[in-house]
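For reference, the structure discussed in these notes is given below.
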Amino acid sequence: MNKLSLIVPVFNEQDTVEMFYSAIEKEHKNFLEYELEYWFVDDGSSDKTMDVVNKLIEKDDHVHTVSFSRNFGKEAALYAGLEHATGDYIAVMDVDLQDPPTMLPEMLAGVSSGEWDAVGARRTSRKGEPILRSWFSSLFYKLINLMSDTHIVEGARDFRVMSRQMVDAILSMQEYNRFSKGIFTWIGFKQKYLDYENQDRVAGQTSWSFWGLFKYSIEGFIDFSRAPLLLVSLLGGVAFILAVIGAIVVFIRAILYPGTSVFGWPSAVVIILALGGVQLLSLGVVGRYISNIYLEVKNRPIYIAKKVK
């Protein structure tokens, strides 16, 4: 019998774990030909999430957990789950049931048929989300696909079923700074997406703040695009050309109209501030890339497991 491993990152999700487990068990009746394995990856929860998971472990031998020593982030949790999964097919899901379990049979059928290496889910709307967040999300996908050679499907979720071969390819990429949406696309293989409407959380509050999502999007740009570095170079070139033109204008004016060179100090101050701003912006962009290199060369582990059960 083939096995399906479910990777479920959890962080302060004490209210949703049992609901998720019950929903999956109910849906499992539609693909009983597959053995089901759960891997709840606790990302340093401070509530009673692990107590709930431990109760499931006592009740069901197919439930397992990896518990982190602290909060390492969802990307580390995904990697840990993929590393520990033993199934022939591997699914990644959110515990809040925003990823509909009813889509699992169709996803699994697509991958097990051999026609696809991965079948994922794509939200066609963001109904129920704040308008500003939805707008910035749409802008992010437009910009990153404009600036990167790796095309990321707009609205794509981490929710997907993958073949063992594809998961092994993902695990071979042991980079510290991880952006899974980009990694899933970069490795290639035959992938398909199923559309669905946005689902609300069944309980609790999301741990993703607007600032957290913004930082995550920056990570995506840095990891999968060198366009910001090119943009900085272009800004530097434009600033230099404008400075040369300005110098020529000042020189000619000083010759044709002696005594007027003292005027225009406000515009000079503005130009100096503008050039200083461009330099600081450029330094910040380059520094962001260097900081990623710094973290990579440290060769720190992606996560530290406190307990594997």
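The values are calculated or read from the model by the stated rules, or taken from the named source; none is laboratory data. What you see is a predicted model; the values in this text were computed from it and never measured. Methodologically, a virtual Cβ is constructed for each residue, glycine included, from the backbone with ideal geometry; neighbour enumeration extends over all protein chains shown.
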(request) Quickly run through segment 65-98 and pick out the residues that are farther than 23 Å from Ile183 by Cα, surrounded by fewer than 22 Cβ atoms within 10 Å (Cβ to Cβ) and more than 19 Å from the chain's Cα centre (by Cα). (result) Ser67, Ser69, Arg70
(message) So, restricting to helices (runs of 4 or more DSSP H) that lie completely within segment 102-220, which ones have at least 2 residues that are under 23 Å from Ile302 (Cβ atoms) and at pLDDT 80 or above?
(response) 164-171, 180-186
(request) Considering every residue within segment 53-61, establish whether at least one is more than 21 Å from Phe179 (Cβ to Cβ) and in contact with a Leu (Cβ under 8 Å, 6 or more places away or on another chain). (result) no
(message) Every residue in segment 16-54 that is farther than 19 Å from Tyr89 by Cα, without any contact (Cβ under 8 Å) to a residue 24 or more places away in the chain and surrounded by fewer than 18 Cβ atoms within 10 Å (Cβ to Cβ), please.
(response) Ser22
(request) Determine the pairs where a residue that is modelled with pLDDT under 75, located within segment 269-293, has a partner that is outside any helix (DSSP H, G or I) with Cβ atoms under 8 Å apart, the partner being 6 or more residues away or on another chain. (result) Asn292/Asn177
(request) Answer yes or no: is there a residue in segment 16-27 that is assigned to a loop (DSSP other than H, G, I, E, B) and either among the β-branched types (Val, Ile, Thr) or touching a Ser or Thr at 6+ places or on another chain (Cβ under 9 Å) (or both). (result) yes
(message) I'm trying to understand the selection: among the residues of segment 1-15, which are crowded, with 21+ Cβ neighbours inside 10 Å, assigned to a strand (DSSP E or B) and not β-branched (Val, Ile, Thr)?
(response) Leu4, Ser5, Leu6, Pro9
(message) Quick check on my filter: what residues within segment 6-37 are modelled with pLDDT of 90 or more, under 20 Å from Phe72 (Cβ atoms) and not aliphatic (A, V, I, L, M)?
(response) Pro9
